Number of protein chains: 2
Amino acid sequence: MLPEQGRVIDLRAAEALRLQAQGATREAALRYASVVFPESMSAAIALGQRFLDTAAEAAAKYGDDASLAMDGLHWGAACDPSVVRDGLTFSKHIRQFHERMNISPTPALLEVPGYFKGSPWTVIGHEAEVQWPMRSERLDYELELGWVVGRQAHNITPEVARSYLFGVTIFNDFSARDLQGNEFAIGMGPTKSKDFAYGIGPWITTIDEFPRLDNIRMSVRVNGETWGEGDTSEMLWTPEELIAYVSLGDHAQPGDVIGSGTMGNGSALELGRSVKPGDVIELDVSGVGVLRNRIAKRAQETWWPERRRPFM
Amino acid sequence: MLPEQGRVIDLRAAEALRLQAQGATREAALRYASVVFPESMSAAIALGQRFLDTAAEAAAKYGDDASLAMDGLHWGAACDPSVVRDGLTFSKHIRQFHERMNISPTPALLEVPGYFKGSPWTVIGHEAEVQWPMRSERLDYELELGWVVGRQAHNITPEVARSYLFGVTIFNDFSARDLQGNEFAIGMGPTKSKDFAYGIGPWITTIDEFPRLDNIRMSVRVNGETWGEGDTSEMLWTPEELIAYVSLGDHAQPGDVIGSGTMGNGSALELGRSVKPGDVIELDVSGVGVLRNRIAKRAQETWWPERRRPFM
């Protein structure tokens with residue numbers, strides 16, 4: 001990515017050019033380049049240092065020859081996590097969320113880092129439209145960072161967690177606020193209130209560009225107007241603690257995304273507002289960039305379950 | 001599978017033999033057979049009718065030549081879901097669970113089918129050991145069916161849901177009961193209370209062998225003693241409703257497993273009991289078979305988060 005120049009590098013093309021200059025046939029060069037720079041970002045990250053080294057070398061030698069204008073590009077999601085996980089770590093958001101909902105926060109929040117799991121099949125990228133969730137009248141965004149896992153992590157400790165991070169992306173945890181009531185009450189975690197769109201992008205900034213993770217500035221704009229801003233300083237649980245906790249008993253995979261949780265003032269709910277079809281949501285994160293998504297029109301609804309009669 | 005003969009068919013080998021008899025080279029025959037019968041069951045199911053037809057033909061012609069004794073086999077999980085989902089559909093279990101926990105069921109259970117999402121990276125197969133979850137003193141099993149999705153499903157209705165089912169397997173939703181308290185209170189769904197082992201197997205019975213889904217008999221044995229038995233008749237939500245609901249906004253994939261939810265008397269919790277290291281849990285489902293797992297010894301614990309001080 002060369003965002004400051006308005007250009008991106010087609011790494012697969014750059015690497016193929018480099019190999020051909022070293023004597024490879026075009027077919028062999030493309031075959032090799034497709035393995036190091038596959039369609040799946042998770043597969044690329046899983047290659048570890050070979051992926052990063054080859055990217056740096058290819059970009060340095062043939063980046064100019066293989067660069068494209070950013071304008072007019074079609075953006076995929078910045079990565080393709082096997083599992084979407086999303087934490088709850090910013091104290092200010094937790095406080096304001098509970099005040100707005102007029103409920104007391106459970107003491108359980110102080111015991112363990114809460115997180116939910118989302119469907120990886122509703123991940124969308126930069127500039128993609130957000131499908132309006134069925135039966136909802138109250139749609140919201142959530143301003144978050146996405147911690148991108150770099151290596152398989154199982155039962156790790158916070159002390160080593162940073163070395164398991166590949167990079168940082170922007171994560172918009174779109175939420176249907178009116179569907180959350182039943183889902184909270186059932187206690188099995190969000191389903192239809194979240195599994196319609198997770199915005200991830202526009203790209204990933206590698207972790208070496210973030211000497212600290214507690215001073216990243218973020219803001220959200222709706223139709224160009226700033227609705228919230230802040231930074232990552234007020235954390236109940238550190239990113240390292242969240243990642244280590246995720247790894248307990250479970251296995252985080254290269255390319256998995258763990259949402260930081262919503263920043264204070266990072267949701268419209270905290271402001272008593274919501275968004276509507278056609279609105280453009282921009283999440284702006286210093287050191288990463290801007291993730292922009294438009295809310296789609298409502299679609300025809302197909303089916304919704306019929307309420308059951310009490311059985312006890 | 002030829003469980004009644006104590007044998008299984010290596011379908012890849014059978015198909016390779018069949019192709020070679022028709023003139024294919026050994027290499028080409030194995031290459032083709034590996035595509036139709038890949039390591040991933042999800043990838044096989046995604047091939048649709050070609051997978052089923054080829055399996056039937058290969059088994060009919062070369063099944064005997066390519067069969068193996070079941071004794072001594074190493075079992076993988078019956079499938080490799082991209083997402084584990086697990087519902088809550090049996091009224092009797094819901095009633096007994098709430099009576100035992102001394103809590104009232106939320107009316108939200110009558111509004112929409114509840115389900116949670118589990119990590120696909122903790123799926124285990126028949127005869128695999130169940131890792132003891134950190135910080136837990138109270139481990140349980142849950143007797144469930146696993147509905148195996150056959151085709152991509154998005155916004156489908158219950159009327160067509162059966163045609164999206166590939167088959168039925170057995171699902172053991174192992175649960176750390178003492179970790180569930182904090183996780184229910186946080187409301188983001190189960191994490192460490194569930195994401196350590198989902199037993200799926202021993203195999204999948206294709207859906208054509210189940211004319212009805214509401215009269216399947218099930219039982220659970222612990223160390224050979226029957227602890228619970230029943231059938232699928234008392235459902236709050238039908239399998240078709242659960243699958244259709246999962247597909248709303250989200251995308252179910254071939255090979256995904258949707259747990260039916262625990263059967264009445266299908267957990268030790270309902271009996272005031274729990275299981276201990278070394279116990280052998282067998283789930284027996286008519287028309288499928290027996291899924292057997294042993295509870296492992298406790299392992300050394302690495303790290304657990306430190307409780308936070310109240311911040312509001």
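The values are calculated or read from the model by the stated rules, or taken from the named source; none is laboratory data. Since the model is a prediction, treat every value here as computed from it, not as a measurement. Note: ideal-geometry Cβ built from the backbone for every residue, glycine included; neighbour counts use all protein chains shown.
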Matching residues, segment A:250-273, being crowded, with 23+ Cβ neighbours inside 10 Å and hydrophobic (A, V, I, L, M, F, W, C): A:252, A:257, A:258, A:263, A:268
Is there a residue being under 30 Å from residue A:141 (Cα atoms), touching a residue at least 60 places away in the same chain (Cβ under 8 Å), outside any loop (DSSP other than H, G, I, E, B) and touching a Lys or Arg at 6+ places or on another chain (Cβ under 6 Å) anywhere in segment A:5-16? no
Single condition residue A:112 does not satisfy, out of (1) more than 23 Å from residue A:200 (Cα to Cα); (2) assigned to a helix (DSSP H, G or I); (3) within 11 Å of another protein chain (Cβ to nearest Cβ): (2)
For segment A:228-261, which residues satisfy the criterion of being more than 10 Å from chain B (Cβ to nearest Cβ), assigned to a loop (DSSP other than H, G, I, E, B) and within 13 Å of residue A:150 (Cβ to Cβ)? A:254, A:255
Can you spot a residue in segment B:157-178 that is over 15 Å from residue B:243 (Cβ atoms), part of a strand (DSSP E or B), of a type in the set (D, E, K, R) and touching a Phe, Trp or Tyr at 6+ places or on another chain (Cβ under 7 Å)? yes
Would you be able to tell me the number of residues in segment B:126-150 that are over 16 Å from residue B:173 (Cα atoms), among the charged types (D, E, K, R) and touching a Leu at 6+ places or on another chain (Cβ under 9 Å)? 1
Quick check on segment A:174-193. Is at least one of its residues buried (at least 20 other Cβ atoms within 10 Å of the Cβ), hydroxyl-bearing (Ser, Thr, Tyr) and closer than 17 Å to residue A:89 by Cβ? yes
Among the residues of segment B:81-94, is there at least one that is in contact with a strand residue (DSSP E or B) (Cβ under 9 Å, 6 or more places away or on another chain) and among the basic types (Lys, Arg)? yes
Provide a single number: the residues in segment A:79-103 that are modelled with pLDDT under 90 and of a type in the set (Phe, Trp, Tyr). 1
Condition check: under 30 Å from residue A:301 (Cα atoms) and buried (at least 19 other Cβ atoms within 10 Å of the Cβ). Does residue A:101 satisfy that? no
Where residues in segment A:127-156 are assigned to a loop (DSSP other than H, G, I, E, B) and among the aliphatic types (A, V, I, L, M), which of them is nearest to residue A:223 (Cα to Cα)? A:128
Just give me the residues in segment B:74-91 being outside any loop (DSSP other than H, G, I, E, B) and over 14 Å from residue B:190 (Cβ atoms), in sequence order. B:90, B:91
Lone qualifier among A:129, A:111 - being assigned by TED's automatic domain parsing to the domain that holds residue A:144 and under 25 Å from residue B:245 (Cβ atoms): A:129
Under 8 Å between Cβ atoms, at least 6 apart or on separate chains: pull out the pairs that start in segment B:153-173 with a residue that is crowded, with 23+ Cβ neighbours inside 10 Å and end on any residue that is assigned to a strand (DSSP E or B) and of a type in the set (Phe, Trp, Tyr). B:168/B:147; B:169/B:203; B:171/B:198; B:172/B:198; B:173/B:198
Take the residues in segment A:147-173 that are closer than 18 Å to residue A:82 by Cβ and small (Gly, Ala, Ser); name whichever of them is nearest to the other protein chains (Cβ to nearest Cβ). A:153
I'm checking my understanding of the structure. Among residues of segment A:262-299 that are under 17 Å from residue A:138 (Cβ atoms), in a strand (DSSP E or B) and β-branched (Val, Ile, Thr), which one is farthest from the chain's Cα centre (by Cα)? A:275
Of the residues A:166, A:174, A:196, which is of a type in the set (Phe, Trp, Tyr) and more than 30 Å from residue B:248 (Cβ to Cβ)? A:166
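If you check B:15, B:39, which single one turns out to be touching a Ser or Thr at 6+ places or on another chain (Cβ under 7 Å) and within 30 Å of residue B:164 (Cα to Cα)?
Criteria check complete, one pass: B:15.
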Filtered residues of segment A:22-36 (kept if loosely packed, with under 14 Cβ neighbours inside 10 Å and farther than 13 Å from residue A:54 by Cα): A:22, A:23, A:25, A:26, A:27, A:28, A:31
If we ask which residues in segment A:64-73 are surrounded by fewer than 20 Cβ atoms within 10 Å (Cβ to Cβ) and either within 9 Å of chain B (Cβ to nearest Cβ) or assigned to a loop (DSSP other than H, G, I, E, B) (or both), their number turns out to be 6
Collect the residues in segment B:17-55 that are polar (S, T, N, Q) and in a helix (DSSP H, G or I), keeping them in residue-number order. B:20, B:34, B:42, B:49, B:54
Of the conditions (1) without any contact (Cβ under 8 Å) to a residue 24 or more places away in the chain; (2) within 20 Å of residue A:163 (Cα to Cα), residue A:29 fails just one. Which one is it? (2)
Expected output for segment A:95-111 (first residue farther than 13 Å from residue B:311 by Cα, partner assigned to a helix (DSSP H, G or I) and of a type outside the set (Asp, Glu), Cβ below 6 Å, 6+ apart or cross-chain) is A:100/A:269
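Pick from B:97, B:90: which is more than 9 Å from chain A (Cβ to nearest Cβ) and over 17 Å from residue B:274 (Cβ atoms)?
B:90
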Considering only residues of segment B:177-213 that are within 9 Å of chain A (Cβ to nearest Cβ) and aliphatic (A, V, I, L, M), which is nearest to residue B:122 (Cα to Cα)? B:197
Condition test on residue A:225, is it more than 20 Å from residue A:124 (Cα to Cα), surrounded by fewer than 21 Cβ atoms within 10 Å (Cβ to Cβ) and within 14 Å of chain B (Cβ to nearest Cβ)? no
Answer yes or no as to whether residue A:76 is at pLDDT 95 or above, under 25 Å from the mean Cα position of the chain (by Cα) and under 24 Å from residue A:168 (Cα atoms). yes
If you take the residues in segment A:123-146 that are within 14 Å of the chain's Cα centre (by Cα) and closer than 16 Å to residue A:180 by Cβ, which one is nearest to the other protein chains (Cβ to nearest Cβ)? A:142
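Determine whether segment B:138-145 contains at least one residue that is closer than 19 Å to residue B:255 by Cβ and in contact (Cβ under 8 Å) with a residue 40 or more places away in the chain.
yes
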